[in-house]
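Following: one structure in structure tokens, then a few remarks.
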Amino acid sequence: MDTIKLSRRDFKDKVLACWIGKNIGGTLGAPREGLCHTHALTYYEPLPDKAAPNDDLDLQLVWLKMLEDQGLDPSVRTFAEYWSRYGARYPWNEYGFFMRNFARGLRPPVAGCFENYFVDEMGSPIRSEIWACLHAADPQAAARMAWKDSAVDHAGGEGTYGEIFWAAVEAAAFVEQDPLVLIRLGLAMIPISSHLARAIREALWCFHNHLSWGQARERIHTQFGHIQPCNAVPNHGFTIIGWLYGNDFGDRLCKAVNCGYDTDCTGATLGSVLGILGGTAGIPDAWRKPVGDHITLHKFTGPCDPPKTLQELTDRMVALSEKAAASKNAIQFADQMKLPPDLRTRLFAADLAQQALKQDPQAGVELADGDEIWFHYGGEPVLWPGIGRKVAVTTPQSSDPEVNLEPPASWTCRREGPNSFWLQCDGPVADRNEIAVSLGHKRAVFIMLGPGEAKGVRAGANVEYCPTCKARVEACLCRQ
């Protein structure tokens with residue numbers, strides 16, 4: 001098999017352009033975030049003198065630190081740990097509800113979806129670029145990491161499909177230029193039946209059938225619009241519209257943002273894609289100079305040793321990317337790019353993405369001596385009085401582990417197999433209940449909630465936040 005060879009110089013330039021495009025698109029769209037009507041931008045309005053602070057970039061800086069600290073393939077549990085250290089202040093939508101669940105003792109993936117109305121939103125698709133840069137020219141590897149990332153706060157939702165889609169598209173964009181090929185590749189990584197895939201295909205249909213930009217936007221808005229402006233489904237259609245209908249870098253960004261809804265996210269994501277495709281030479285100075293090279297952190301982002309500039313971010317990212325490529329036989333860095341004749345067939349391989357999507361979102365993951373232990377709840381992480389529940393334990397290290405389970409003393413626990421059990425409690429079920437799992441000398445504890453901790457949350461409501469600093473009340477900035 002011929003090796004895919006990436007030019008070190010060109011790769012570094014594309015990574016820098018990815019982050020520059022991210023800042024430009026996010027800054028362009030930020031003033032109109034959440035407005036669902038169309039706009040008429042042709043340039044920044046107002047004109048900035050620096051990049052707008054944006055969680056689209058900041059949360060990837062948390063993952064940057066995680067990769068540098070923990071290695072290139074951290075557990076989903078490690079993602080959750082780093083979020084709890086450096087992202088705990090964010091109260092918004094899916095971010096806040098993950099932290100609410102994590103504080104109650106739940107672990108992802110189930111902590112990312114239980115009582116979380118916002119699993120279909122844009123919070124994880126906007127975190128895709130780091131995986132694309134880490135696994136350039138390896139879309140399915142990027143998609144696998146995107147699943148882990150999104151499992152923290154979007155498990156089982158359309159947001160997961162969005163992050164997988166963009167991570168794959170952006171990883172392939174380092175070696176493939178055709179937008180239509182890239183879009184088809186991203187679609188190959190996610191379920192055909194997903195709402196997000198259907199919205200993207202609708203945007204493609206509009207383009208191929210020669211509908212105008214405005215008509216395409218109205219079709220997405222009418223067929224896939226949502227009461228939540230940050231819902232991922234219509235916003236992915238709008239990003240594709242900007243990409244396909246725009247005439248150049250600035251026009252593409254403006255068309256995406258002019259569709260409305262989650263405008264900082266659609267602009268930032270498309271800016272990253274265009275940056276990878278065209279490198280720094282493809283970004284006009286008129287768009288680049290107003291935002292500069294400085295990284296402006298949001299006040300909710302914790303002290304995660306962030307890079308101060310996009311150039312520093314690029315240098316640190318390239319170092320990680322070189323390490324990732326060193327472990328692969330089919331991809332390497334060289335002085336000049338060299339691509340094999342079967343490149344597109346390789347890029348479309350989706351085995352790792354499909355395996356990731358088969359993982360159980362109704363489970364929690366803990367680490368014991370560095371190994372993952374998965375507790376499968378068999379539904380919501382709640383035990384109701386008098387209603388039995390079958391649960392199971394798995395681990396990647398063994399296909400049929402011998403497991404012991406220790407639930408609360410008042411519960412009935414009946415072994416159903418080597419790694420499955422029947423749990424029941426006829427009396428009152430406490431709000432939070434510890435279940436100890438043992439595999440030989442390895443031990444982990446999982447939480448099963450009772451009815452008192454499972455009263456639900458009104459759809460569209462947010463977690464409680466401080467009225468002064470706007471952070472989650474549990475991580476209020478006013479107390480510091």
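The values are calculated or read from the model by the stated rules, or taken from the named source; none is laboratory data. None of these values were measured; they are calculated from a predicted model. All Cβ positions, glycine included, derive from the backbone under ideal geometry; neighbour counts span all protein chains shown.
If the condition is being touching a helix residue (DSSP H, G or I) at 6+ places or on another chain (Cβ under 6 Å), over 22 Å from LYS255 (Cα atoms) and hydrophobic (A, V, I, L, M, F, W, C), then the range 34-63 contributes LEU59, VAL62, TRP63. Among the conditions (1) surrounded by fewer than 23 Cβ atoms within 10 Å (Cβ to Cβ); (2) modelled with pLDDT of 95 or more; (3) under 25 Å from ARG288 (Cα atoms), the only one that ASP49 does not satisfy is (2).
Screening GLY364, GLY386 for residues that are of a type outside the set (D, E, K, R) and at positive phi leaves exactly one candidate, GLY386. Regarding ASP56, is this residue acidic (Asp, Glu) and assigned to a helix (DSSP H, G or I)? Answer is yes for this residue. Just one residue in the set ARG85, ARG9 is out of contact with any Phe, Trp or Tyr (no Cβ under 7 Å at 6 or more places or on another chain), surrounded by fewer than 18 Cβ atoms within 10 Å (Cβ to Cβ) and within 28 Å of ASN329 (Cα to Cα); that residue is ARG9. Considered as a group, the residues in the range 323-339 that are in contact (Cβ under 8 Å) with a residue 60 or more places away in the chain, part of a helix (DSSP H, G or I) and farther than 12 Å from ILE4 by Cα include one that is nearest to the chain's Cα centre (by Cα), and that residue is ALA324. In the range 368-390, of all residues being in contact (Cβ under 8 Å) with a residue 40 or more places away in the chain and assigned to a strand (DSSP E or B), the one that is farthest from THR78 (Cα to Cα) corresponds to VAL382. Take ASN116 and decide whether it is part of a loop (DSSP other than H, G, I, E, B), surrounded by 24 or more Cβ atoms within 10 Å (Cβ to Cβ) and polar (S, T, N, Q). Judged against the criteria, ASN116 is a match. In the range 340-362, of all residues being in a helix (DSSP H, G or I) and small (Gly, Ala, Ser), the one that is surrounded by the fewest Cβ atoms within 10 Å (Cβ to Cβ) corresponds to ALA356. Taken together, PHE97, PHE79, PHE102 contain a single residue that is within 30 Å of ASN433 (Cα to Cα), surrounded by 24 or more Cβ atoms within 10 Å (Cβ to Cβ) and touching a helix residue (DSSP H, G or I) at 6+ places or on another chain (Cβ under 8 Å), which is PHE79. Each residue in the range 174-194 was checked for being assigned to a loop (DSSP other than H, G, I, E, B) and buried (at least 18 other Cβ atoms within 10 Å of the Cβ), and 6 pass. Only one entry in MET145, MET122 is of a type outside the set (D, E, K, R), buried (at least 24 other Cβ atoms within 10 Å of the Cβ) and farther than 27 Å from MET337 by Cβ, namely MET122. Restricting attention to the range 441-475, the residues being in the same structural domain as ASP369 (by TED's automatic domain parsing) and in a strand (DSSP E or B) number 8.
If you go through the range 202-239 and keep only what is of a type in the set (Ser, Thr, Tyr) and assigned to a helix (DSSP H, G or I), you end up with THR222, THR239.
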